[in-house]
Amino acid sequence: MIRWLLLVLAAALAMPAAAQQREPILVPDISEHTIVLRQGFTGSDVLLFGAILPPDGVRSDTEYGVVIVLKGPTEPIRIREKQRLSWLGIWVNADSTEYRSVPSFYAMASSRPVLDMVDERTAAIYELGLDYLQLSPTGQINPEEQARFSTGLVDLRRRQNLYTQDEHGVRLTEDVLYRARLFIPSNVIAGEYVAETFAIADGRVITSATSVIAVRKEGFELTVEEESRDNAFFYGLFAVGLSVFMGWGAGRLFSLV
């Protein structure tokens, strides 16, 4: 009896492992693993590519979908809403809210529209698209106000080219090979950017894999950033003094001309 129970237990433990082994293997790669932010940097096109391989080497008839999400470092942010004072004809700051962790950069590309592959719940779990970003506001806020501020934040960053999505941006060849190009603009911050690739079939995410892009500064740009952070007071004085000197120099130059 004890031996039979042990055999049943071993079979039960082996079943999840066997089921997992039947899932396809995702092999991703990136054309650039390091991007250097230097003077004159105008942005970079990054190619993300890879393959969906069957674990047993036998190709199945399953139709796959692929979604690639590239995120930059998260940061706390305060967003303010502008209100126009009609009697003065000016715009002033009105309501505001804060967020604990907002992706500084977000780009999504998929082989077809996300909701054609998964339901909204799954899209929200994996943040597959700008409509499903988890922005984590701080404090208590009315749900309608939260939705308004979140929409405004996403719209602002879309206009800055920091948030993008393309639901036809992944090219899938014979449900095996995939590739997509994502643009990293010049106004991104330094840090670790994580690219996560999801393989989808039958309405669920069946496997995923991640790759990392290191975005960093070097040389003069790195020195300026470190000084502005470590010696903020003297950096501010230097910046003001330089502005005054440049203004005075431009005035003298044009007065002589």
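The values are calculated or read from the model by the stated rules, or taken from the named source; none is laboratory data. What you are looking at is a predicted structure, and each value in this text was computed from that prediction instead of being measured. Note that we place each Cβ from the backbone using ideal geometry, even for glycine, and neighbour counts take in every protein chain shown. These area figures cover heavy atoms from the full protein model, side chains too; ligands, DNA and RNA do not enter into them. Shrake-Rupley method; radii C 1.70, N 1.55, O 1.52, S 1.80 Å.
Of these, Glu192, Glu174, which one is within 30 Å of Ile52 (Cα to Cα) and under 21 Å from the mean Cα position of the chain (by Cα)?
Values: Glu174 fails: under 21 Å from the mean Cα position of the chain (by Cα).
Glu192 is the lone residue from the list that is within 30 Å of Ile52 (Cα to Cα) and under 21 Å from the mean Cα position of the chain (by Cα).
Scan the stretch 101-148 for residues that are part of a helix (DSSP H, G or I) and of a type in the set (A, V, I, L, M) and jot them down. So that I can check it myself, show each step before the final result.
Filtering the stretch 101-148 for residues part of a helix (DSSP H, G or I) gives 114-116, 120-126, 130-132, 143-148.
Selection gives Val114, Leu115, Ala123, Ala124, Ile125, Leu130, Ala147.
Residues are listed down the side, and each one gets a yes or a no for (1) at pLDDT 95 or above; (2) open to solvent by less than 40 Å² (accessible area, probe 1.4 Å):
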{"position": "Arg100", "(1), (2)": "no, no"}
{"position": "Met108", "(1), (2)": "yes, yes"}
{"position": "Pro137", "(1), (2)": "no, yes"}
{"position": "Glu144", "(1), (2)": "no, no"}
{"position": "Leu153", "(1), (2)": "no, yes"}
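Considering each residue of the stretch 37-52, count those that are touching a strand residue (DSSP E or B) at 6+ places or on another chain (Cβ under 6 Å) and surrounded by 14 or more Cβ atoms within 10 Å (Cβ to Cβ), and give that number.
Number of matching residues: 8.
Would it be correct to say that Ala51 is at pLDDT below 85 and not in a loop (DSSP other than H, G, I, E, B)?
Details: at pLDDT below 85: no; not in a loop (DSSP other than H, G, I, E, B): yes.
Criteria not met by Ala51.
Conditions tested, residue by residue: (1) touching a Pro at 6+ places or on another chain (Cβ under 6 Å); (2) buried (at least 17 other Cβ atoms within 10 Å of the Cβ); (3) modelled with pLDDT under 95.
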{"residue": "Tyr163", "(1), (2), (3)": "no, yes, no"}
{"residue": "Leu172", "(1), (2), (3)": "no, yes, yes"}
{"residue": "Ile189", "(1), (2), (3)": "no, no, yes"}
{"residue": "Tyr193", "(1), (2), (3)": "no, yes, no"}
{"residue": "Phe198", "(1), (2), (3)": "no, yes, no"}
{"residue": "Arg204", "(1), (2), (3)": "no, no, yes"}
{"residue": "Arg216", "(1), (2), (3)": "no, no, yes"}
{"residue": "Gly219", "(1), (2), (3)": "no, no, yes"}
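Please find, among Phe149, Phe183, the residue that is touching a residue at least 12 places away in the same chain (Cβ under 8 Å) and exposed (fewer than 14 other Cβ atoms within 10 Å of the Cβ). Walk me through how you get there before you give the answer.
Details: Phe149 fails: exposed (fewer than 14 other Cβ atoms within 10 Å of the Cβ).
Of the residues listed, the single one that is touching a residue at least 12 places away in the same chain (Cβ under 8 Å) and exposed (fewer than 14 other Cβ atoms within 10 Å of the Cβ) is Phe183.
Please work out if Ser150 is more than 18 Å from Asp95 (Cβ to Cβ) and out of contact with any strand residue (DSSP E or B) (no Cβ under 7 Å at 6 or more places or on another chain).
Working: more than 18 Å from Asp95 (Cβ to Cβ): no; out of contact with any strand residue (DSSP E or B) (no Cβ under 7 Å at 6 or more places or on another chain): yes.
No.
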